[in-house]
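Structure first, commentary second.
The values are calculated or read from the model by the stated rules, or taken from the named source; none is laboratory data. Computed from a prediction, not measured in an experiment: that's the story for all the values here. Positions of Cβ are backbone-derived with ideal geometry, glycine not excepted, and every protein chain shown enters the neighbour counts.
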Amino acid sequence: TPTIEGKMFMKALFDYDPTEDKAIPCKEAGLSFRKGDILQIMSQDDATWWQARHESDSNPRAGLIPSKHFQERRFALKRPEVHMQQLKISNRKSYAECAGYNSGTYIAGFRRSFRLSRKDRKTNKSMYECKKSDQYDTADVPTYEEVAPYRRQPNEKYRLVVLVGPVGVGLNELKRKLLISNTQHYGVTVPHTTRARRGQENDGVEYIFISKHLFETDVQNNKFIEYGEYKNNYYGTSIDSVRSVLTKNKVCLLDVQPHTVKHLRTLEFKPFVIFIKPPSLERLRETRKNSKIISSKDEKVAAKPFTEEDFQEMIKSAQMMESQYGHLFDKVIVNDDLTTAYNELKTTFDKLETETFWVPVSWLH
Ligand code: 5GP
């Protein structure tokens, strides 16, 4: 375990190659890194270029990396269609100015790519204005996250384990295997529903049965992690249902859409996010030809055989998830062979309970 007193660590949320960076003062002085790497920040004296070294690297040589501020601005500029819309609009200042580009190659690049026609200028003017340089939303511009080592104490609640992956990847089979391997140790949430209880069902076992009115109130009060409608009834997973699994001193296994992950990233849950990734298209064809697709939470619905389109959809969906949410994944497991993937998952869970992991500093109060 590294000693952290006086040291600052950042988890890189993007890949960086200084040789491709036109803005770096000296390419040879740059430090390259990959998404997920832990960097020790040696100096933040310069607002644009920090000095850092790889945490795991015994070589103490520090190199230049773009500062958080600088990189956020560059990313925001690269994706104007997303970030321009998020600008808080007020006084008249150009977007380039707001983003800190006052000179050199970047402003030129900016002008070229985002120059507005006269007509656009009239209609879209407000898009190019923002209040103050640091007031646009950088939450969706992943650059670095300050982290510190964390190890679960023996009497502490378990971390929430979030499983994400495309439909059909085998996430439910993996979850089920894990659950039955130790029902005392692993738990899943009980969903809420507004539909009537069926004969053999017990409240709080299959579902928590509530009225439509209460469900809607709970939605309003942000009590749900996710919810949906099916045959005129609401179904959903509440935050409290996660708490109730954790309070029983169990590891809570939760599968959700990746866009809900960021709302779960709190000190209370300290979620560990596992991405279940499909193998190549060729391997999917070879290994899944005769299997059936069982979509999330739909186990009772008749399973149907995979089609070629299902495979392609799975790969596409996985790529989309990884490019958009990859920075939130703590672990990626490829589900090629189910047994191998299961063993890797099990090993990950065992480590999670005993070993040290990097978590956002904000989770350590
Ligand atoms: P049933 O009413 O037959 O028990 O479930 C019908 C459907 O409700 C399921 O197949 C599934 O699509 C949906 N469902 C069950 N639990 C949840 C949940 O927690 N969230 C969402 N969004 N849908 C659920």
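Residue check, residue 224 against (1) buried (at least 18 other Cβ atoms within 10 Å of the Cβ); (2) among the hydrophobic types (A, V, I, L, M, F, W, C); (3) under 24 Å from residue 150 (Cα atoms), all met but one. Which one?
Against the list (1) buried (at least 18 other Cβ atoms within 10 Å of the Cβ); (2) among the hydrophobic types (A, V, I, L, M, F, W, C); (3) under 24 Å from residue 150 (Cα atoms), residue 224 comes up short only on (3).
Which of the residues that make up the range 235-263 are among the hydroxyl-bearing types (Ser, Thr, Tyr), touching a strand residue (DSSP E or B) at 6+ places or on another chain (Cβ under 8 Å) and surrounded by fewer than 20 Cβ atoms within 10 Å (Cβ to Cβ)?
235, 260
I'd like to verify a number: residues in the range 2-58 that are over 18 Å from residue 144 (Cα atoms) and outside any loop (DSSP other than H, G, I, E, B), how many?
5
Within the range 235-249, track down each residue that is more than 8 Å from the ligand (Cβ to nearest atom) and part of a strand (DSSP E or B).
238
Being free of Cβ contacts under 8 Å to residues at least 40 places away in the same chain and closer than 14 Å to residue 363 by Cβ is the filter here, so list the residues in the range 144-186 that pass it.
153, 156
Loosely packed, with under 12 Cβ neighbours inside 10 Å, within 30 Å of residue 351 (Cα to Cα) and in contact with a helix residue (DSSP H, G or I) (Cβ under 7 Å, 6 or more places away or on another chain): is that true of residue 284 in this structure?
So residue 284 fails the test.
Going through the range 195-207 one residue at a time, which ones are of a type outside the set (D, E, K, R), near the ligand (Cβ under 10 Å from one of its atoms) and either surrounded by 11 or more Cβ atoms within 10 Å (Cβ to Cβ) or at positive phi (or both)?
Hit for the range 195-207 is 207, nothing else.
Would you say residue 162 is within 16 Å of the ligand (Cβ to nearest atom), at pLDDT 95 or above, assigned to a loop (DSSP other than H, G, I, E, B) and hydrophobic (A, V, I, L, M, F, W, C)?
Spelling it out, it is not the case that residue 162 is within 16 Å of the ligand (Cβ to nearest atom), at pLDDT 95 or above, assigned to a loop (DSSP other than H, G, I, E, B) and hydrophobic (A, V, I, L, M, F, W, C).
Residue 267 passes all but one of (1) within 16 Å of the ligand (Cβ to nearest atom); (2) surrounded by fewer than 18 Cβ atoms within 10 Å (Cβ to Cβ); (3) within 21 Å of the chain's Cα centre (by Cα); which number fails?
Among (1) within 16 Å of the ligand (Cβ to nearest atom); (2) surrounded by fewer than 18 Cβ atoms within 10 Å (Cβ to Cβ); (3) within 21 Å of the chain's Cα centre (by Cα), the lone unmet condition for residue 267 is (1).
Taking the residues in the range 212-234 that are polar (S, T, N, Q) and either touching a residue at least 24 places away in the same chain (Cβ under 8 Å) or not in a helix (DSSP H, G or I) (or both) as candidates, determine which candidate is farthest from the ligand (Cβ to nearest atom).
221
Among (1) at pLDDT 95 or above; (2) within 28 Å of residue 341 (Cα to Cα); (3) crowded, with 20+ Cβ neighbours inside 10 Å, there is one condition residue 183 misses while meeting the rest; what is its number?
Only one criterion is unmet by residue 183, namely (3).
So, residue 23, is that one within 28 Å of the chain's Cα centre (by Cα) and modelled with pLDDT of 95 or more or not?
The answer is no for residue 23.
When residue 307 is evaluated against the numbered criteria (1) buried (at least 17 other Cβ atoms within 10 Å of the Cβ); (2) in contact with a strand residue (DSSP E or B) (Cβ under 9 Å, 6 or more places away or on another chain); (3) more than 27 Å from residue 180 (Cβ to Cβ), which criterion, by number, is the only one it fails?
(1)
Could we say that residue 174 is part of a strand (DSSP E or B), under 25 Å from residue 334 (Cα atoms), away from the ligand (no atom under 13 Å from the Cβ) and hydrophobic (A, V, I, L, M, F, W, C) here?
Here the answer is no, as residue 174 does not meet what is asked.
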